[in-house]
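Asks: Input: one structure, supplied below.
The values are calculated or read from the model by the stated rules, or taken from the named source; none is laboratory data. Keep in mind it's a predicted model, so treat the numbers as computed, not measured. Here the Cβ positions follow ideal geometry from the backbone for every residue, glycine too, while neighbour counts run over all protein chains shown.
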Amino acid sequence: MADSNETKKSITQVRIPTRTLRPGNRYSHNVYDEYGNRILDAHTPITQTLINHLLSNDIEALYYDPASATRKKDNEGDVDTGKPVISENTHEEVVDHTRSLFDEIRTNLNISPAIAISKDHVYSTRSMIDSLLGEIDENEDGVFSAMTKLKTLDDFYYVHSTNVSVLGALLGTKLELQQDVRTAMGVGGLFHDIGMTSVSKDILHKLKKTQEEINKINLHPHVGYKLVEKHQYMHELEKRIILLHHEKADGRGFPYGFEMDHYRDQVPKEVRLMSLIDTYVSLVFTMPDSKPMSSQVALRSMLNLVYAPYKKVFRFLPEDFRDFIRGLGFTVNNGKFFLSRGDVVRLNTGEVALVEELSKLSPLNPRVRIVKNSQLQNLKRNISVDMLKDYGSYISNVFERKKSSETE
Ligand SMILES: [Fe+2]
Ligand SMILES: [Fe+2]
């Protein structure tokens, strides 16, 4: 089934030494031996029997093609594939840690908020993040990818917090921030929604929440901050992440709703980055009942919320968004955030178009004039499309201009 030449050619990219395999490990790709025989289907746990079999047959390594699962032909300007930055095993360990941490804190809260979060909770999390950072360092070319499927609704906040934490630690590393700041981004990411432990699981898991319940949930940054405010063993940045991760540049965030000028001063850059991560994670890894967005669709919709010179309403600052996507190895529109009139673009349909008119509110959804069809033949009559109204199509690539352009 899998020993075609084609398979053999494409499996040389990522090598997994047999000695590093552990029972229970899973990969999001089909895994092959060096001859192209499929050894393991994607998402199937590795067994001890399989490891023994490989060792007794002197099979030193298995392989997978990192591009096979996620790379799409129509996204040529957007490449964010690669090997996962941490192993599925580590990811699951962090989820397990988060689960027991949150459950203990929830129980402690019934006794007294003052003792809800102990020194041990913080220290054990910090050492976990430090070993995670070690793994990230070893695997610096990797890209974080969705590795855990939600099994139960109860797992949602644990997996969500884990993902925010891993991406926070990763971004801190990629941006070469100081060691204590990287760790604080990881720890702060894990604790950022800790205030949710004061909300009953019944409310958290309800699909249709009343306004009163939403208001209660929206108190979580403040409630969480109160739990850690006096704890000297927590880094100041960790506390700020808990308190300020829902503040937004447009003043519509909470708990304070800082307007633009104050937003810049009052919300540290690292917290603003964590807020971008929190938003991204919420779009890409959703509740079991809602449909998750692909990474590229999520990044595009976030880019539409970034400040652009002609926009009045915006949620994130361009410099923060730039650091967020570059740090995490994402690319949107060939790294070109804002389009200009006259840009030549390729649509996801394969058609080539010229940007005619920019939308004031959605930088990535201009009106375009299609000049070539998907076979790249010139159209006899050009067709104008308003991409704000055409939900099915989006710009997948922006062609380089020959002369320097006036963008960004
Ligand atoms: Fe939150
Ligand atoms: Fe969150």
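Asks: Identify, please: which residue in the stretch 233-246 is in a loop (DSSP other than H, G, I, E, B) and more than 10 Å from ligand 1 (Cβ to nearest atom) and is, among those, farthest from T183 (Cα to Cα)?
Replies: Y233
Asks: Kindly establish whether E212 is assigned by TED's automatic domain parsing to the domain that holds T162, surrounded by fewer than 17 Cβ atoms within 10 Å (Cβ to Cβ) and part of a helix (DSSP H, G or I).
Replies: On the way: assigned by TED's automatic domain parsing to the domain that holds T162: yes; surrounded by fewer than 17 Cβ atoms within 10 Å (Cβ to Cβ): yes; part of a helix (DSSP H, G or I): yes.
When the stated conditions are applied, E212 passes them.
Asks: Got at least one residue in the stretch 177-186 being among the charged types (D, E, K, R) and within 16 Å of ligand 2 (Cβ to nearest atom)?
Replies: First, the residues of the stretch 177-186 that are among the charged types (D, E, K, R): 180, 182.
Of the ones still in play, those that are also within 16 Å of ligand 2 (Cβ to nearest atom) are none.
There is no residue in the stretch 177-186 that is among the charged types (D, E, K, R) and within 16 Å of ligand 2 (Cβ to nearest atom).
Asks: From the list G350, G392, pick out the single residue that is surrounded by fewer than 16 Cβ atoms within 10 Å (Cβ to Cβ), modelled with pLDDT of 80 or more and not β-branched (V, I, T). Outline the logic, then answer.
Replies: Working: G392 fails: modelled with pLDDT of 80 or more.
Result: G350 is the single residue among G350, G392 that is surrounded by fewer than 16 Cβ atoms within 10 Å (Cβ to Cβ), modelled with pLDDT of 80 or more and not β-branched (V, I, T).
Asks: Which residue is surrounded by the fewest Cβ atoms within 10 Å (Cβ to Cβ), if the candidates are limited to the stretch 247-259 and must be more than 14 Å from ligand 1 (Cβ to nearest atom) and closer than 15 Å to F321 by Cβ?
Replies: Checked the stretch 247-259; the qualifying residue surrounded by the fewest Cβ atoms within 10 Å (Cβ to Cβ) is D250.
Asks: Which condition breaks for Q232 when tested against (1) over 21 Å from G172 (Cβ atoms); (2) polar (S, T, N, Q); (3) within 14 Å of ligand 2 (Cβ to nearest atom)?
Replies: (3)
Asks: Among the residues of the stretch 182-199, is there at least one that is within 29 Å of N304 (Cβ to Cβ), in a loop (DSSP other than H, G, I, E, B) and not small (G, A, S)?
Replies: Taking every residue of the stretch 182-199 in turn, at least one turns out to be within 29 Å of N304 (Cβ to Cβ), in a loop (DSSP other than H, G, I, E, B) and not small (G, A, S).
Asks: Please go through the stretch 176-204 and give me each residue that is of a type in the set (K, R) and buried (at least 24 other Cβ atoms within 10 Å of the Cβ), ordered by number.
Replies: Initially, the stretch 176-204 is screened for residues of a type in the set (K, R), giving 182, 201.
Listed by number, the list holds a single entry, R182.
Asks: Only one of I241, I217 is surrounded by fewer than 22 Cβ atoms within 10 Å (Cβ to Cβ), of a type outside the set (S, T, N, Q) and either within 14 Å of ligand 2 (Cβ to nearest atom) or not assigned by TED's automatic domain parsing to the domain that holds R315 (or both); which? Before the answer, list the steps.
Replies: Numbers: I241 fails: surrounded by fewer than 22 Cβ atoms within 10 Å (Cβ to Cβ).
The match here is I217.
Asks: Continuing with this model, one more query. Could you tell me which numbered condition T49 fails, if it satisfies all but one of (1) at pLDDT 80 or above; (2) surrounded by fewer than 18 Cβ atoms within 10 Å (Cβ to Cβ)?
Replies: (1)
Asks: Hey, any hits in the stretch 314-332 for a residue that's in contact with a Leu (Cβ under 8 Å, 6 or more places away or on another chain) and modelled with pLDDT under 75? It would help to see each step written out before you state the result.
Replies: Of all residues in the stretch 314-332, those in contact with a Leu (Cβ under 8 Å, 6 or more places away or on another chain) come to 314-316, 320-321, 323-325, 327-328, 330, 332.
The next check asks that each one be modelled with pLDDT under 75; those that pass are 330, 332.
Yes: the stretch 314-332 contains one or more residues that are in contact with a Leu (Cβ under 8 Å, 6 or more places away or on another chain) and modelled with pLDDT under 75.
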